Amino acid sequence: MRSDGCANDQSDGALFMRARKGDLASFDVLYRRHYGRMMNYSATLTGDRTLAEDITQVAFVRAYANIHRIRDGQALEAWLYRTIANLVKDQAKAAQRKPVRTFTELSDEGDGPVENALPMVGRSPANPADTVEAAARDRALREAIAALPLRDREAIVLHHLERLDLVRIGQILHIPVGTVKSRLGRARARLRDAMMPWFDFDSDAAP
């Protein structure tokens, strides 16, 4: 079913209420509006775009099937994040993870080279000459993120890639802000370890 131009201009809340009444066109607009962000979240959690596409599609199907259980349009985003995370968790239950060495925990709001590189995952470098190196580093960082325990991976993706604040992350994951901070700290420390060949961490120290 095709959505009309008016639907495209409506808020998530208005579209959600129409979708609740059976308007599939309104839900289709919500789907197209949120799909890219949810797909990126799923792909970063799984490290596998094909699997991520399947998971994202399932999440939206479940959202429509459970639309009367979701409070409103604002709650839809959090519901999708949680559903995707749960689907990824289900996929990973049987997977064996390699033990990760733990380094000294970073500050809650780290600003080292790994933290600065996280928002750039998947983006093209400004200087074409840096393309090959940047692509290799991007791939290494994606692999390092995928190797994190799922709970820490969720926190790092939501904060550094999705740019959500700690309070919002806590609401989405149903955990206290303090727990969000500890998960971010663990994730940053492990990413530092994994990315040591790519960054000169010694140069970050204060003179």
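The values are calculated or read from the model by the stated rules, or taken from the named source; none is laboratory data. Bear in mind that the values here come from a model prediction, so they are computed numbers and not experimental data. Methodologically, a virtual Cβ is constructed for each residue, glycine included, from the backbone with ideal geometry; neighbour enumeration extends over all protein chains shown.
Criterion applied to Leu51, Leu80, Leu30 was being buried (at least 16 other Cβ atoms within 10 Å of the Cβ) and at pLDDT below 90, and the one residue passing it is Leu51. Filtered by the rule that a residue be β-branched (Val, Ile, Thr) and under 18 Å from the mean Cα position of the chain (by Cα), the range 47-88 gives Thr50, Ile55, Thr56, Val58, Thr83, Ile84, Val88. Of the candidates Leu45, Leu76, Leu15, the single residue that is in a helix (DSSP H, G or I) and farther than 20 Å from Ile169 by Cβ is Leu15.
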